[in-house]
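The values are calculated or read from the model by the stated rules, or taken from the named source; none is laboratory data. Model, not experiment: these values are computed from the prediction. Here Cβ is always computed from backbone atoms with ideal geometry, including for glycine, and neighbour counts include all displayed protein chains. Each accessible area value is taken on the protein alone, full model and side chains, heavy atoms only, with ligands, DNA and RNA left out. Shrake-Rupley method; radii C 1.70, N 1.55, O 1.52, S 1.80 Å.
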Amino acid sequence: MGERLLTAVQVAELLSVPKTRIWSMSRRGEIPTVRIGARQVRYRPEDIDAWIARRTTSRPRGTQS
């Protein structure tokens, strides 16, 4: 296992959002996490990349095709 897990702070920096938003999303199960303790979570970089890819759209919001 050579992969490095990310912290909530690192994911927040990557997404340019507050770390509190990442914590909230983690608690609600909206973003993939790896539990390493009762209150500690980390994030796999490939899971975050896939999560971003699933949310990427090719057309602006509010437009219909």
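Side notes on the structure shown:
- Per residue, the solvent-accessible area of the chain (1.4 Å probe, heavy atoms of protein chains only, all protein chains present) comes to 80 Å².
- Over the chain: helical MRE at 222 nm, DSSP H runs n ≥ 4 each giving -39500 (n - 2.57), nearest 500: -12500 deg cm²/dmol
- A simple count of charges around VAL9, restricted to other residues whose Cβ falls under 13 Å of its Cβ and scoring Lys, Arg +1 and Asp, Glu -1, yields +2.
- Distance between modelled label sites at GLU13 and ARG28, nm, 7 Å Cα→Cβ extension: 2.5
- Extension gain (nm, one decimal) between ARG4 and ASP49, 0.36 nm per residue minus Cα-Cα: 14.8 nm
- Computed magnitude of the charge dipole of the chain (debye, nearest 20; Cβ of K, R +1, Cβ of D, E -1): 280
- Two-site FRET efficiency, ARG21 against SER58, from Cβ-Cβ distance with R₀ of 25 Å, rounded to 0.05: 0.50
- Highest average first, the peptides 26-37, 4-15 ordered by how many other beta carbon atoms sit within 10 Å of their residues are 4-15, 26-37.
- Under the Debye formula (equal points on every Cα, no solvent term), log10 I(q)/I(0) of the chain at q = 0.17 Å⁻¹: -0.63
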